[in-house]
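What follows draws every value from the coordinates through simple rules; no lab data is involved. All values reported here derive from a predicted model rather than from experimental measurement. Ideal geometry is used to build each Cβ from the backbone, glycine not excepted, and the neighbour counts take in all protein chains shown.
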Amino acid sequence: MTDTRVGPPLPHMPDDFSSVLVIVAHPDDPEYGIGSAVAAWTRAGKRVGYLLASRGEAGIAGMDPSVCATVRTKEQEAACREVGVESLVFLDEPDGRILATPQLRTKIAHEVRRFRPELVVLLNFQSTWGGRFFNSADHRNLGQAAVDGIADAGNEWIVPGARYDGVGHIAEFGADPTHRIDVTDGVEAAVASLTCHREYLSALSDEPVEQQARAQIDSTLTHEEGRSYLGFRLYG
Ligand SMILES: [Zn+2]
């Protein structure tokens, strides 16, 4: 995403949190941009976990889903290590058929209660990317289920168990940003993290995987006075 706005830069996102849960639909969803913020946060001592709805088993053309699930799980584990993620959980929803059901909301609520994040990061779950390309059903449905599951975590009657209502902010990456984060210290780790999705990226393009990863991460950043910034749409 290239910043073509004129006028003053976006305000800095508040830094009043010490734990972050990234909730997304597929392996590689965190690595296409969020990873630079994750690396900056873990370097600063914040606790970060990833919660993935699926194993992305329908994501590689010509590769049987049972094989693909194993490949992509391993790639995701390696990607997490590069940016210091301490917890990786898969909910094993069906890739390509994720629905915002009460059951999925309940699973997300349980994970939110377990990890106790103060910030939740989501991938764009609007209907389009910048008004130009349609977003996928999985991204739309998972984002909505996450928002609702976070609310459910705060109600012991909707989801039995001890309530947790400590999520102070939700930050959405890939939607029209309202705030920015200085991710300068996390950029190289983010490139390394995306590079871990080697089989997935190799299937998408003949371009060397490292080159694809660096171009993708660069496309998400804005720069000012030698620092790199990532934008988020902030709620709460
Ligand atoms: Zn995805």
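Sites listed here are chymotrypsin sites (Phe, Trp or Tyr not before Pro) in the range 120-216 whose DSSP assignment is loop and whose Cβ has at most 14 other Cβ atoms within 10 Å: TRP157.
Taking other Cβ atoms within 10 Å as a rough exposure proxy, LEU51, LEU88, LEU104, LEU99 sort from fewest to most as LEU99, LEU88, LEU104, LEU51. Net charge in the neighbourhood of VAL71 (other residues with Cβ under 14 Å of its Cβ; Lys, Arg +1, Asp, Glu -1) is -3.
Couplings 3J(HN,Hα) of the range 59-75, computed from phi: x, 10, 4, x, 10, 4, x, 5, 6, 4, 4, 5, 4, 6, 5, 5, 5 Hz, in residue order, whole Hz [Karplus 6.51 cos²θ - 1.76 cosθ + 1.60, θ = phi - 60°; x for Gly and Pro].
Which is the longest part of the chain that has none of the GluC sites (Glu not before Pro) sitting in a DSSP loop with at most 14 other Cβ atoms within 10 Å? It runs 1-85.
Quick one: longest stretch of the chain between exposed loop trypsin sites (Lys or Arg not before Pro), exposed meaning at most 13 other C-beta atoms within 10 Å and loop per DSSP?
Values: sites that count: ARG5, ARG97, ARG132.
Result, exposed sites excluded: 133-236.
With each label modelled as a point 7 angstrom along the Cα→C-beta vector, the SER202-ARG81 pair spans 1.8 nm.
Can you give the FRET efficiency for SER18 and VAL67, using 1/(1 + (r/R0)^6), R0 = 41 Å, r = Cβ-Cβ distance, to the nearest 0.05?
Working: r = 39 Å, r/R0 = 0.94.
Calculated value: 0.60.
Each residue, ARG132 and ASP185, gets one label point 7 Å from its Cα in the Cβ direction; the gap between the two is 3.4 nm. Near LEU88, the amide H atoms lying under 5 Å from its own belong to TYR50; only residues 5 or more places off or on other chains count, and H is placed 1.01 Å from N.
Rounded, prolate or oblate: pick one for the range 1-89, where a ≥ b ≥ c are the square roots of the eigenvalues of its C-alpha gyration tensor, a/c under 1.5 means rounded, and failing that, prolate if a/b is larger than b/c, else oblate. Please report the intermediate quantities before stating the final value.
Working: a/c = 2.95, a/b = 1.60, b/c = 1.85.
Oblate.
For the range 19-235, the spread of Cα positions along the three principal axes, ordered from largest to smallest, is 51, 45, 34 Å. Contact order, relative form, for the chain: 28 percent (alpha carbon pairs under 8 Å, 6 or more residues apart, mean separation divided by residue count). Starting from the 7 Å offset along Cα-to-Cβ, what nm value, one decimal, do you get for the label separation of ALA162 and GLN211? That separation, rounded to one decimal, is 5.3 nm. Adding -39500 (n - 2.57) for every DSSP H run of four residues or longer, then dividing by how many residues the chain holds, sets the calculated 222 nm ellipticity at -11500 deg cm²/dmol.
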